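To keep things clear, I will list the structure first and then write my remarks on it.
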Amino acid sequence: MKDDFENNIEPQDVEEMCKVLNSSNVQQENTIKASRVTIGCVLFNYFNSRFIAKLCGEWLDVLDLCRFDTALCCRKLRKKFLAAISKHVRISIGSSLNGIGVSVNCIRWLNSRNIDTCSMELNINFSDSNILELGPCQEENSSSDLFLRYFRRRSKSIEGNEDNFFFRRIEILSFTKCTGVSDDLVVKSCRVCPVLKNLNLGGCKQITNVALICLSIECPKLMELNLFNCSELTDTGIISIAEGCSSLTTINLGWCNKISDKGIISLSTTAVSLMVLDIEGCSALTDISMRNIAENCLLLKRLNMSYNSNFTDISLFNLAAHSHLLTSLQIGKCPQISDEGIGELSDGCVLLSELDLYSCEKITDFALTKIVNRCEGLRSLNLSHCYQISDIGLVNLAEKGKALQSLRLCGCDMLTEEALLFFTEMNPLCAVKKDY
């Protein structure tokens, strides 16, 4: 009977079981998640490992697993359960030292139970918006200072320190918008996080090339890096990242105004696996950067090159010739972009599903017609402040843009109410925004 039950488990059975074990008939509303497992543990005798793992994904975080360890279940059953979920554990740490301490204890528990932690994902997120949770410190940089103090206390030595088991499993580290984070904290974090894959330093304006040089040496497995608005960074730091982190798939350099073509050329030549690139507001970049990106990063799917008066149609010609996998493109506030560039782009990048042409004032109905004729899967289009778009272009869009789900037309003063009404009637599922 047991084997028959295991072999016939379907996805809908998982969903139904979750509903049953979450129902008010099984538990009271304020019962902890682990109690659901305790109450229904007799059922686990009949579940295979895949089913158990799926169920746990619906319920459990690491604290629940610790509680489950003391649940009133037989040892054999508990061992089977822990083995089944060993590769499905995620840990998220909030913006408090107490959260870190609890999570360190959880890591110790996982280690003591011989649970495979190689595939674990740890996410540390300190945000200035949660500063009140950090206690009496009121300074702007109190979040990073507290973490640094904790870090120093817990990691006095690399070897023989059991708490380093915690730091050495960190794959995702986020300090987004923590204005107090400096090179010192980033350098020390990188040195004890060798498997780091995702680092978010967005809005950390004190970060300089020093941090990036250390990052390139200590974290060669890095795949995603957010440096949005790290305005002190220059080509030196970007070149270091390019040379040390060749596996990068995602990088955000938005509003890093000191980065020039030299840094982007180095990055695009080395990080050929890039799929997501954000260079919004990098005003020193020119068409030379875009040519190298297009020629080398053939896997590129998402690109934001907005707010740059240096980019011309030549950039779009290069994207059309090489970036055939591109699905999302933002080129708002690039005043030199014209119908000719958009026409070429439409012919070469037919997989586009998102296109932002905000305030590209040279764009006319001709470009709009080319877009809808070639990019049949286009779902989101921003034409706000494209002043030359008229009823003719909107009518063509209404007749052929059947996949559209979002359309922004703010500031398109040549459009009439009749044309807008026609579009909404032809595309009732598309959300249209005309006014602010």
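Structure above, values below:
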quantity: Positions within segment 319-352 being in a loop (DSSP other than H, G, I, E, B) and β-branched (Val, Ile, Thr), in sequence order; calculated: Thr327, Ile331, Ile337, Val350
quantity: Condition check for Ala419: without any contact (Cβ under 8 Å) to a residue 40 or more places away in the chain, of a type in the set (Gly, Ala, Ser), touching a helix residue (DSSP H, G or I) at 6+ places or on another chain (Cβ under 8 Å) and on the phi < 0 side of the Ramachandran plot; calculated: yes
quantity: Some residue of segment 357-366 being open to solvent by 70 Å² or more (accessible area, probe 1.4 Å), within 24 Å of Leu227 (Cα to Cα), in contact with a helix residue (DSSP H, G or I) (Cβ under 7 Å, 6 or more places away or on another chain) and not charged (D, E, K, R); calculated: no
quantity: Filter result for Ile363 (outside any loop (DSSP other than H, G, I, E, B) and closer than 20 Å to Leu319 by Cα); calculated: no
quantity: Any hit, segment 164-171, residues being touching a strand residue (DSSP E or B) at 6+ places or on another chain (Cβ under 7 Å) and aliphatic (A, V, I, L, M); calculated: yes
quantity: Among the candidates Ser246, Ser231, Ser260, residue that is under 20 Å from Leu299 (Cα atoms), open to solvent by 20 Å² or more (accessible area, probe 1.4 Å) and among the polar types (S, T, N, Q); calculated: Ser246
quantity: Residues of segment 367-423 that turn out to be small (Gly, Ala, Ser), within 25 Å of Tyr307 (Cα to Cα) and in a loop (DSSP other than H, G, I, E, B), as a count; calculated: 3
quantity: Pairs, first modelled with pLDDT of 95 or more in segment 241-261, second in a helix (DSSP H, G or I) and open to solvent by less than 20 Å² (accessible area, probe 1.4 Å), C-beta under 6 Å, six or more apart; calculated: Ile241/Leu212; Ile241/Ser216; Ala242/Leu267; Gly244/Ser216; Cys245/Ser216; Ile259/Ile238; Asp261/Ser289
quantity: Failed item in (1) in contact with a Pro (Cβ under 9 Å, 6 or more places away or on another chain); (2) surrounded by fewer than 17 Cβ atoms within 10 Å (Cβ to Cβ), with Ile392 passing the rest; calculated: (1)
quantity: Total residues in segment 286-340, condition among the β-branched types (Val, Ile, Thr), within 18 Å of Asp356 (Cβ to Cβ) and either without any contact (Cβ under 8 Å) to a residue 24 or more places away in the chain or open to solvent by 20 Å² or more (accessible area, probe 1.4 Å) (or both); calculated: 2
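The values are calculated or read from the model by the stated rules, or taken from the named source; none is laboratory data. A quick note: this is a predicted structure, and the numbers were derived from the prediction, not measured. Here the Cβ is made from the backbone with ideal geometry for all residues, glycine too, and neighbour counts use every protein chain on show. Ligands, DNA and RNA are excluded from the accessible area calculation, which covers all protein heavy atoms including side chains. Shrake-Rupley method; radii C 1.70, N 1.55, O 1.52, S 1.80 Å.
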